[in-house]
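Below: the structure, in structure tokens.
Nothing in this text is a laboratory measurement; each read-out follows from the coordinates by a stated rule. None of the values given here were measured: they were computed from a predicted structure. Don't worry about glycine lacking a Cβ; one is built from the backbone with ideal geometry, like all the others, and counts go over all protein chains shown.
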Amino acid sequence: MAKKRQRRYSRGAGKEVESEMRRYERGTARSGKAGRAGRVKSRKQAIAIGLSKARKKGMKVPGKPR
């Protein structure tokens, strides 16, 4: 029988990243304090913002790489 793997990221965290990617594709994703820093320019940046939001909400997300 195949060993069941545990999820690294919660489903909620995936939804958070998904919504941030939609905002990025529409061009409405902003970065920085209160969105003053400017538009999100890369997919990687959008994913990082989504994961950061998920961490703040207390969802299951691995810590930032050190």
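Efficiency by 1/(1 + (r/R0)^6): what FRET value for Lys4 and Lys64, r their Cβ-Cβ distance, R0 = 25 Å, to the nearest 0.05?
Efficiency computed from Cβ-Cβ geometry: 0.40.
Each residue of the stretch 56-66 in order: what ³J(HN,Hα) in whole Hz does its phi give by Karplus 6.51 cos²θ - 1.76 cosθ + 1.60, θ = phi - 60°, with x for Gly and Pro?
With the stated coefficients, the stretch 56-66 comes to 4, 7, x, 6, 7, 9, x, x, 5, x, 9 Hz.
What's the angle, to the nearest 10 degrees (0 to 90), between helix 11-26's Cα axis and the longest principal axis of the chain?
Taking Cα atoms only, the helix is inclined about 30 degrees.
Relative contact order of the stretch 11-56: what whole-number percent is it, with Cα pairs under 8 angstrom and at least 6 residues apart?
47
Just the ratio, please: alpha-carbon radius of gyration of the chain over 2.2 N^0.38 Å, N its number of residues.
1.27
For the chain: lysine pairs with Cα atoms under 20 Å, gap of 8 or more or different chains, count?
Total qualifying Lys-Lys pairs in the chain comes to 20.
Can you give the net charge of the other residues whose Cβ lies under 12 Å from the Cβ of Lys60, counting K and R as +1 and D and E as -1?
+4
Could you put Arg43, Arg26 in order, starting from the residue whose Cβ has the fewest other Cβ atoms within 10 Å?
Arg26, Arg43
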